1. Within segment 199-240, restricting attention to residues that are in a helix (DSSP H, G or I) and of a type in the set (D, E, K, R), which residue is surrounded by the fewest Cβ atoms within 10 Å (Cβ to Cβ)?
2. For residue 196, are the conditions met, namely being assigned to a helix (DSSP H, G or I), over 19 Å from residue 7 (Cα atoms), of a type in the set (S, T, N, Q) and at pLDDT 90 or above?
3. Checking residue 100 against (1) in contact (Cβ under 8 Å) with a residue 40 or more places away in the chain; (2) touching a His at 6+ places or on another chain (Cβ under 8 Å); (3) not hydroxyl-bearing (Ser, Thr, Tyr): exactly one of these is not met. Which one?
4. Does segment 219-233 contain any residue that is of a type in the set (Val, Ile, Thr) and under 15 Å from the mean Cα position of the chain (by Cα)?
5. What number of residues within segment 125-153 satisfy the criterion of being assigned to a helix (DSSP H, G or I) and of a type in the set (Val, Ile, Thr)?
6. Quick one: which residue in 105, 92, 82 is in a strand (DSSP E or B) and in contact (Cβ under 8 Å) with a residue 60 or more places away in the chain?
7. Only residues that are over 15 Å from residue 137 (Cβ atoms), of a type in the set (Ser, Thr, Tyr) and touching a Pro at 6+ places or on another chain (Cβ under 7 Å): list them for segment 184-233, please.
8. Tally up the residues in segment 32-71 that are of a type outside the set (Asp, Glu) and either in a helix (DSSP H, G or I) or touching a residue at least 60 places away in the same chain (Cβ under 8 Å) (or both), please.
Amino acid sequence: MQENQLRILTYNLHKGFSVGNRHFILHKIRDALIESDADIMFLQEMQGQHTGHEQTHHNWPDIPHSEFLAHDRWPHFAYAKNVTYEAGHHGNAILSKYGIQCWENINVSPFAWASRSLLHGVISLPNQGGDLHIICIHLGLMAMERRRQFKTLCTRIDEHVPHDAPLIVAGDFNDWTGQAEKLFSQHLNLKEAYRTLHHKHAKTYPAWLPVLKMDRIYYRGIEPVSCDRPNRKLWNNLSDHSPLVATFQL
């Protein structure tokens, strides 16, 4: 991290598989994440365990995927199990170069088969004299479902994040209709980094021809310096989502 700057990345990594689940590519995803040089990563659809894939994919890591991705680069990480099934489970994860004081996962899915959650962590940043609150999210596909989840998110922030504490809320919003914007701006005083800098939301889905504005980085108490979709040539053949990378002035 440059002095007084923080680089973050949000990414739906599709459980480590390529589009159409044709190939297991978690090693390539790790290489791309390392190249991003992010200080904190907000990751959705992280595979926690899958006994079937362990047997059929020779390059399946022998440690949890969050630990495999974090190895040597992000010494602090939290994985939140949201969906369980006979073969295993998946959820969301936070990987950080800086200490995670505490974290809590709030499952906001009305369906047993859907990974929808708010993973709230508190990060200790060096030489900053305060804590950074971060919330990694993966919201629902249906508008009615998302409205309930936005309400839960608002309550969570109101009750657990001090008004003067820096905050980043990032992840896969599935919010192509733009429901979040007015609510976040009016109720939470949150702004979206890409929109602040480019006057529009980033198109991140599908990765090979992005047309939907699915992935966002909201913030308050800090200022964005940059926010972009990184090199498409590197990321296009990985997950079905494109990542967003933002740098903030603390």
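1. The selected residue is 233.
2. Details: assigned to a helix (DSSP H, G or I): yes; over 19 Å from residue 7 (Cα atoms): no; of a type in the set (S, T, N, Q): yes; at pLDDT 90 or above: yes.
No: the conditions fail for residue 196.
3. (1)
4. Quick first cut of segment 219-233, residues of a type in the set (Val, Ile, Thr) only: 222, 225.
Then drop every residue that is not under 15 Å from the mean Cα position of the chain (by Cα), which leaves none.
No, that holds for no residue.
5. Narrowing segment 125-153 to residues assigned to a helix (DSSP H, G or I): 143-153.
From what's left, of a type in the set (Val, Ile, Thr): 152.
Residues in segment 125-153 being assigned to a helix (DSSP H, G or I) and of a type in the set (Val, Ile, Thr): 1 in total.
6. 92
7. Once the filter is applied, which keeps residues that are over 15 Å from residue 137 (Cβ atoms), of a type in the set (Ser, Thr, Tyr) and touching a Pro at 6+ places or on another chain (Cβ under 7 Å), segment 184-233 yields only 196.
8. Our first condition is that a residue be of a type outside the set (Asp, Glu); within segment 32-71, this holds for 32-34, 36, 38, 40-44, 46-53, 55-61, 63-66, 68-71.
Now restrict to residues that are either in a helix (DSSP H, G or I) or touching a residue at least 60 places away in the same chain (Cβ under 8 Å) (or both): 32-34, 36, 38, 40, 42-44, 51-53, 55-56, 65-66, 68-70.
Counting residues in segment 32-71 that are of a type outside the set (Asp, Glu) and either in a helix (DSSP H, G or I) or touching a residue at least 60 places away in the same chain (Cβ under 8 Å) (or both) gives 19.
The values are calculated or read from the model by the stated rules, or taken from the named source; none is laboratory data. Here the structure is a predicted model, which is why all the values come from computation and not from measurement. Ideal geometry is used to build each Cβ from the backbone, glycine not excepted, and the neighbour counts take in all protein chains shown.
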